[in-house]
1. Checking A:VAL64 against (1) farther than 24 Å from A:ASN277 by Cα; (2) within 11 Å of chain B (Cβ to nearest Cβ); (3) in a loop (DSSP other than H, G, I, E, B), which single condition isn't satisfied?
2. Checking A:ASP106 against (1) under 24 Å from A:THR369 (Cβ atoms); (2) touching a His at 6+ places or on another chain (Cβ under 8 Å), only one condition comes out false. Which one?
3. Assigned by TED's automatic domain parsing to the domain that holds B:ILE100, under 24 Å from A:SER80 (Cα atoms) and more than 22 Å from the chain's Cα centre (by Cα): does that describe B:ALA279?
4. Do you know which residues across region A:235-255 are within 25 Å of B:GLY112 (Cβ to Cβ) and in contact with a strand residue (DSSP E or B) (Cβ under 8 Å, 6 or more places away or on another chain)?
5. Out of (1) at the interface with another protein chain (Cβ under 10 Å from one of its Cβ atoms); (2) within 24 Å of A:TRP342 (Cα to Cα), the odd one out for A:ASP126 is which?
6. Modelled with pLDDT of 95 or more, within 20 Å of the chain's Cα centre (by Cα) and among the charged types (D, E, K, R) - does that describe any residue in region B:103-125?
7. For region B:89-96, does any single residue satisfy the condition of being closer than 23 Å to A:PHE148 by Cβ, among the acidic types (Asp, Glu) and surrounded by fewer than 24 Cβ atoms within 10 Å (Cβ to Cβ)?
8. Being touching a Ser or Thr at 6+ places or on another chain (Cβ under 6 Å), in contact (Cβ under 8 Å) with a residue 12 or more places away in the chain and under 29 Å from A:ILE305 (Cβ atoms) narrows it down to one residue among A:VAL155, A:VAL204, A:VAL218, A:VAL139; which is it?
2 protein chains.
Amino acid sequence: MTTPASQGTNLDPWFGAYAARTAGLSASEVRALFAVASRPEVVSLAGGMPYVSALPTELLQSAVDRAVREQGPVALQYGSGQGSPALREQILDVMSLEGIRASVDDVVVTTGSQHALELMAKLFLDPGDVVIAEGPSYVTAVTVFKSFQAEVVHVPMDDEGLQPQALQETIDRLKASGRRIKFIYTIPSFHNPMGVTLPWQRRVEILEIARRAEILVVEDNPYGLLYFDQAPPQAMRSVEEDGVVYLGTFSKTFAPGLRVGWAVAPHAIREKLVLANEAAVLSPSSFSQTVISEYLATADWRGQIDTFRGVYRERRDAMLDALGRHLPSLDWTVPSGGFYVWLRLPEHLDSKAMLPRAVKELVAYTPGTAFYADGGGRSAIRLSFCYPTPDFIREGIRRLANVINGELELLGEFAQTGSLPAQTEQTRQNLLPPSIG
Amino acid sequence: MTTPASQGTNLDPWFGAYAARTAGLSASEVRALFAVASRPEVVSLAGGMPYVSALPTELLQSAVDRAVREQGPVALQYGSGQGSPALREQILDVMSLEGIRASVDDVVVTTGSQHALELMAKLFLDPGDVVIAEGPSYVTAVTVFKSFQAEVVHVPMDDEGLQPQALQETIDRLKASGRRIKFIYTIPSFHNPMGVTLPWQRRVEILEIARRAEILVVEDNPYGLLYFDQAPPQAMRSVEEDGVVYLGTFSKTFAPGLRVGWAVAPHAIREKLVLANEAAVLSPSSFSQTVISEYLATADWRGQIDTFRGVYRERRDAMLDALGRHLPSLDWTVPSGGFYVWLRLPEHLDSKAMLPRAVKELVAYTPGTAFYADGGGRSAIRLSFCYPTPDFIREGIRRLANVINGELELLGEFAQTGSLPAQTEQTRQNLLPPSIG
């Protein structure tokens with residue numbers, strides 16, 4: 001290893017000093033899209049921001065007041081690395097809505113459930129290990145796994161989620177080639193980005209496959225309580241304690257700005273999660289935990305979740321209605337909860353290459369490629385209905401239909417040459433916002 | 001690699017699945033001491049908890065009210081992975097008090113400065129790399145570096161902090177043996193745990209040594225503004241931009257419960273810190289950042305820091321006075337700011353072995369061994385004067401003196417046998433709280 005300054009050709013004097021794992025570190029497409037989405041004239045169907053304005057200020061104000069007045073010294077101080085016992089007790093109540101029975105000792109509070117993912121990756125992933133994930137999967141989970149030099153191997157989904165047989169085949173193939181599979185990462189309810197939900201029978205089958213193969217399941221469940229008509233099947237953790245690490249969050253049922261999520265893990269893993277949590281942040285925010293604990297203790301939080309359901313149901317309906325109206329020839333998923341619709345484009349359309357044109361037409365989305373570690377997803381896009389109002393959603397889909405139809409026309413014109421002319425490619429590059437690679 | 005269940009002798013079915021780096025994961029002594037310190041009859045001189053009750057509730061209440069009423073939708077939402085631009089601007093004002101000039105682009109807000117340490121470790125440390133740190137050094141920094149499989153090599157300190165010549169010799173020795181030194185981790189002002197402060201001339205020398213050796217300096221400065229008489233020398237970052245990553249925090253000048261700290265880093269490192277921050281937590285808490293930003297914008301935060309200085313100065317005085325009265329034959333550091341005194345015991349006393357007896361006498365401290373990666377510090381202890389009132393500090397030192405004098409008498413009695421009788425060792429083990437190993 002040479003010293004940094006000897007890497008003379010690089011502008012970063014510390015170029016030679018970074019850890020090997022930083023090779024996998026790059027800006028996510030979703031991150032870049034925050035910049036696009038923030039321009040007011042753009043209808044963003046890209047981000048996954050909850051509609052926090054549906055949380056009445058009085059409810060928040062009241063919880064915050066009590067946190068400051070009655071719990072001030074606790075809220076301001078360092079706390080336990082495992083999280084506040086009072087909040088962990090309340091988390092048990094929240095999880096009981098999805099059939100989970102656990103002890104307060106099994107819960108670890110984290111800085112959003114994102115940090116639980118990071119801690120799980122730090123605890124389990126050596127370079128070259130494999131994480132099996134749905135294809136497509138949650139962007140920043142894939143980023144985290146890659147940041148610890150693991151390989152993410154996708155298993156195909158259909159409109160009922162992860163396919164058990166494909167999972168079994170993937171495990172067999174990987175094991176036969178000597179790979180170390182550390183866990184199966186899944187979002188069974190109202191999947192990000194596909195919007196689909198794993199039926200109960202598949203949950204049982206997948207747990208059985210994982211048990212036989214002795215592979216841990218990481219069940220990520222940010223959206224389970226945000227169903228529109230009837231509740232999804234109970235959590236996988238409800239029937240499997242030893243083989244599942246369950247991740248929950250208040251980001252969607254309360255607010256993401258407080259950064260409070262949690263993990264429920266088998267005893268030995270839980271102990272290690274606490275130690276890793278302490279090393280990373282000493283303790284999760286006492287202030288945020290106290291505010292949420294006061295909110296859960298005194299506000300009608302179940303009623304507030306009903307309110308959120310109503311808001312998102314209306315937006316889902318607006319999106320499905322507009323898709324049917326403006327893009328009747330295409331195919332999309334029909335979510336019964338959560339934040340997302342997965343739209344499949346005609347195969348020869350490239351959703352990433354189309355994005356600059358969409359932004360020019362003042363609509364943003366997330367290209368399907370963002371959700372794959374292996375270059376998949378080119379002809380799909382994720383549409384978020386969580387944040388924009390129904391009117392904006394309808395307008396956004398109308399603009400998107402114009403873009404897609406325009407691309408199809410363009411492709412038709414140049415169909416005989418087999419590729420787009422150089423001039424058009426150049427124009428695309430010019431339209432690309434600088435932060436979108 | 002065998003599958004987990006084949007590790008039949010272990011009670012943890014996932015024993016075989018953890019990453020290699022978890023081998024270095026163990027409960028810190030300071031963590032264990034939280035449990036001891038929480039018993040009301042024990043005077044704890046062990047923890048590093050700021051005295052948050054010195055922050056008037058009105059100041060907090062007012063900042064929180066404005067955050068909710070005027071910034072609600074921002075405070076509740078996801079934010080930038082780099083942190084709020086408004087808060088980063090205000091952080092520049094805070095740092096200007098210690099001579100630091102930086103751009104708002106250079107700052108990355110983190111979940112306490114602890115998380116900046118974790119992110120730096122993740123970005124720089126490969127297994128086998130070396131971090132040079134003062135001996136003794138901050139416990140949880142050592143834990144973080146070890147958690148990424150780096151070796152921490154200590155450089156001796158004296159009452160003026162890190163010794164430049166010893167640093168140079170350590171670097172030379174490590175380089176000669178082919179080791180990769182990734183950074184020099186230092187707490188130049190009111191060191192944790194030694195309480196000493198590096199004079200300006202040594203800061204310049206150390207920067208020069210680091211520059212010549214092309215090694216990054218991580219300057220951790222949680223206590224710099226908490227001086228008792230006159231300000232410490234300016235931050236090392238004030239004269240070296242390209243070779244220093246500076247860490248700051250609001251945990252000591254406002255409150256740790258909000259978990260807001262920051263890093264200032266050279267451009268290329270800063271970009272990587274933001275990506276690593278996003279992977280780990282998506283964004284630091286908008287809620288905490290908004291509360292602190294409102295506090296800084298409208299409260300007399302400089303006056304509040306003066307209040308904290310007065311509180312800690314009185315406690316420091318109480319501790320030094322009690323040490324002079326009850327343990328006149330021993331030697332200790334005299335801090336001019338911060339939270340800690342470093343007490344040197346007679347060489348043949350073992351501070352860790354003595355702890356159970358101290359706890360029986362209702363006083364707790366942190367044994368010096370907690371602050372070394374290499375088993376050093378046996379005959380020293382860290383005494384914290386930040387949290388207990390002056391009267392409790394005096395009583396705590398009185399109890400501690402009884403314990404030390406009792407140990408010295410015991411050693412005197414058994415001096416001829418050369419070791420303590422088995423019975424006494426057994427008694428010690430029984431007194432050990434279960435969480436203290």
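The values are calculated or read from the model by the stated rules, or taken from the named source; none is laboratory data. Since we're looking at a predicted model, the values are computed, not measured. Here the Cβ is made from the backbone with ideal geometry for all residues, glycine too, and neighbour counts use every protein chain on show.
1. So A:VAL64 meets the others, but not (3).
2. Tallying (1) under 24 Å from A:THR369 (Cβ atoms); (2) touching a His at 6+ places or on another chain (Cβ under 8 Å), A:ASP106 fails exactly one: (1).
3. Spelling it out, B:ALA279 is indeed assigned by TED's automatic domain parsing to the domain that holds B:ILE100, under 24 Å from A:SER80 (Cα atoms) and more than 22 Å from the chain's Cα centre (by Cα).
4. Once the filter is applied, which keeps residues that are within 25 Å of B:GLY112 (Cβ to Cβ) and in contact with a strand residue (DSSP E or B) (Cβ under 8 Å, 6 or more places away or on another chain), region A:235-255 yields A:VAL245, A:LEU247, A:GLY248, A:THR249, A:PHE250, A:SER251.
5. Among (1) at the interface with another protein chain (Cβ under 10 Å from one of its Cβ atoms); (2) within 24 Å of A:TRP342 (Cα to Cα), A:ASP126 violates only (2).
6. Yes, region B:103-125 has at least one match.
7. Checking region B:89-96: not a single residue is closer than 23 Å to A:PHE148 by Cβ, among the acidic types (Asp, Glu) and surrounded by fewer than 24 Cβ atoms within 10 Å (Cβ to Cβ).
8. The unique qualifying residue is A:VAL139.
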